[in-house]
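Everything on this sheet refers to the single structure shown next.
The values are calculated or read from the model by the stated rules, or taken from the named source; none is laboratory data. Computed from a prediction, not measured in an experiment: that's the story for all the values here. Here the Cβ positions follow ideal geometry from the backbone for every residue, glycine too, while neighbour counts run over all protein chains shown.
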Amino acid sequence: MKINVLTLFPKMFNALDESLVGKAREKGIVDLNTIDFRDFAENKQNSVDDYPYGGGPGMVLQIQPLASALKSIEKPGKIIIMAPQGKTFNQAMAQSWSTEENLTFICGHYEGFDQRVYDLATDTVSIGDFVLTGGEIPTMAMIDATTRLIPGVLGNETSASDESFSDGLLEYPQYSRPAEFEGKKVPDVLISGNHQKIAEWREKESLRQTLVHRPDMLEQKELTNEQKKILREIKREMTE
Ligand SMILES: C[S@@+](CC[C@H](N)C(=O)[O-])C[C@H]1O[C@@H](n2cnc3c(N)ncnc32)[C@H](O)[C@@H]1O
């Protein structure tokens, strides 16, 4: 996958030399191309921002440098703008983007973009209901979430399908050695070696985690009759 990023701070993306995205780049699965759109400004000062028409605080990113930078990309694929007013990024978006051959992210700064920049994009996406200084950190989060879903990136192919949000539920609790630490024990079933019982426990605990932490997700999900039965059992246990 080729990922282009239009940014005023290309060095921030050095963070993606590391960890899983770094490895995916080393393997040639992901090719990350950062473009400083200041290089495309057609004015003597190389400025990319100007005062807002109608007045008001701060500076606005002008359309010209961004439009020219986009035109320089042969195959941009989806063009994704970072903006607080966008659709909130989620696992389903990461899943769908992970099958694309090309993605292009646009990172804002200052007070944001000239409204006409949004017409150049296919998607406007937010990382959550808060305002950051620029679109670089949201873009890095989205690149990370998307890259780990590209086949061949995660060592164990099943680990992404088991993770939180992949099937509309949060992940079950995980434990590792030691089996007991300062009186806190790992649930017996997990050391029983009984795979059927372990799978049943994990399904129940995944439902419990979701009920406790994100009940809104259960409202969105079509539960099987078996899952509804398990949920009733969990609710009964919680009131006992
Ligand atoms: C300081 S913000 C601009 C905020 C804008 N004036 C507003 O009130 O909506 C500068 C840039 O950071 C990025 N940004 C800030 N918060 C974001 C968020 N929650 N999700 C995605 N991008 C964000 C956007 O690219 C935005 O153009």
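Suppose the filter is within 23 Å of LYS11 (Cα to Cα), under 25 Å from the mean Cα position of the chain (by Cα) and either assigned by TED's automatic domain parsing to the domain that holds LEU6 or modelled with pLDDT under 95 (or both); does GLU100 pass it?
When the stated conditions are applied, GLU100 does not pass them.
Which pairs have Cβ atoms under 9 Å, sit 6 or more apart or on different chains, and link a residue in the range 94-123 that is on the phi < 0 side of the Ramachandran plot and within 15 Å of the ligand (Cβ to nearest atom) to one that is among the hydroxyl-bearing types (Ser, Thr, Tyr) and in a strand (DSSP E or B)?
The qualifying pairs are PHE105/THR7; ILE106/THR7; CYS107/THR7; HIS109/THR7; TYR118/THR124; ALA121/THR104.
Could you list all residues from the range 57-81 that are surrounded by fewer than 12 Cβ atoms within 10 Å (Cβ to Cβ) and either part of a helix (DSSP H, G or I) or in contact (Cβ under 8 Å) with a residue 24 or more places away in the chain (or both)?
PRO57, GLY58, LYS71, LYS75
Would you mind finding the one in ILE198, ILE150 that is within 27 Å of SER98 (Cα to Cα) and touching a helix residue (DSSP H, G or I) at 6+ places or on another chain (Cβ under 9 Å)?
The match here is ILE150.
Within the range 172-197, work out how many residues are surrounded by 11 or more Cβ atoms within 10 Å (Cβ to Cβ) and farther than 19 Å from GLU237 by Cβ.
Adding up the residues that qualify gives 6.
For the range 94-117, which positions are in a helix (DSSP H, G or I) and touching a helix residue (DSSP H, G or I) at 6+ places or on another chain (Cβ under 8 Å)?
ALA94, TRP97, ARG116, VAL117
Would you tally the residues in the range 8-40 being part of a loop (DSSP other than H, G, I, E, B) and under 24 Å from GLU74 (Cβ atoms)?
Matching residues across the range 8-40 total 6.
Just for the range 118-147: of the residues that are of a type in the set (Ser, Thr, Tyr) and part of a loop (DSSP other than H, G, I, E, B), which one is nearest to GLU100 (Cα to Cα)?
THR122
Looking at MET140, is it surrounded by 14 or more Cβ atoms within 10 Å (Cβ to Cβ) and assigned by TED's automatic domain parsing to the domain that holds ARG25?
Working: surrounded by 14 or more Cβ atoms within 10 Å (Cβ to Cβ): yes; assigned by TED's automatic domain parsing to the domain that holds ARG25: yes.
Yes, satisfied.
Can you confirm whether the range 150-173 contains a residue that is under 16 Å from the mean Cα position of the chain (by Cα), of a type in the set (Phe, Trp, Tyr) and within 20 Å of GLN91 (Cβ to Cβ)?
yes
Conditions (1) within 23 Å of the chain's Cα centre (by Cα); (2) farther than 23 Å from LEU154 by Cβ; (3) not assigned by TED's automatic domain parsing to the domain that holds VAL117, marked per residue:
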| site | (1), (2), (3) |
| --- | --- |
| THR7 | yes, yes, no |
| ARG25 | yes, no, no |
| VAL30 | yes, no, no |
| TYR53 | no, yes, no |
| VAL60 | no, yes, no |
| ASN90 | yes, no, no |
| MET93 | yes, no, no |
| SER96 | yes, no, no |
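Could you list, in sequence order, the residues of the range 32-49 that are among the polar types (S, T, N, Q) and within 28 Å of the chain's Cα centre (by Cα)?
Let us first name the residues in the range 32-49 that are among the polar types (S, T, N, Q), namely 33-34, 43, 45-47.
ASN33, THR34, listed by residue number.
Being touching a His at 6+ places or on another chain (Cβ under 6 Å), at pLDDT 95 or above and among the hydrophobic types (A, V, I, L, M, F, W, C) narrows it down to one of LEU66, LEU32, LEU8, LEU20, so name that one. Let's see the steps before the verdict.
On the way: LEU66 fails: touching a His at 6+ places or on another chain (Cβ under 6 Å); LEU32 fails: touching a His at 6+ places or on another chain (Cβ under 6 Å); LEU20 fails: touching a His at 6+ places or on another chain (Cβ under 6 Å).
None of the others qualify; the one that does is LEU8.
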